[in-house]
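Enquirer: Have a look at the structure that comes next, please.
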Amino acid sequence: MKNPEKTLEVKYPKVEVIWQDTFSIPGWHMIDDLDREELIIYSIGYLIEEGAENALIVQSLSTAEEKVGDALSIPRKMIRKIRKLK
């Protein structure tokens with residue numbers, strides 16, 4: 001019996017994107033009690049598109065005609081670094 005799994009030819013680079021995220025603090029607070037630290041995020045995925053306004057990465061690729069899963073669009077202004085992975 002043949003192996004039913006298709007071999008996926010990956011044409012998108014695997015990357016780590018280091019970026020600054022936003023966050024919210026629900027409720028009422030004293031101004032001096034608000035957290036002002038940066039929230040730095042490390043996301044790993046396949047780089048589908050890197051444009052002037054944003055970078056689009058996905059977590060999963062499928063053998064089913066360009067189907068992808070768990071997409072994340074990160075605004076260019078929030079990106080600190082994009083590093084290609086092996």
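Enquirer: So which pairs qualify, if the first residue must be in region 1-29 and modelled with pLDDT under 70, the second must be surrounded by 10 or more Cβ atoms within 10 Å (Cβ to Cβ), the Cβ gap must be under 7 Å, and the two must be at least 6 apart or on different chains?
Expert: Correct list of pairs: Lys6/Thr63; Leu8/Leu61; Leu8/Thr63.
Enquirer: A further question on this structure: Looking at (1) farther than 15 Å from Ile82 by Cα; (2) among the hydroxyl-bearing types (Ser, Thr, Tyr); (3) modelled with pLDDT of 90 or more, which is the one condition that is false for Ser62?
Expert: The failed condition is (3).
The values are calculated or read from the model by the stated rules, or taken from the named source; none is laboratory data. Keep in mind that this is a model prediction, so the values were computed, not measured. Every residue, glycine as well, gets a Cβ built from its backbone with ideal geometry; the counts of neighbours run over all protein chains shown.
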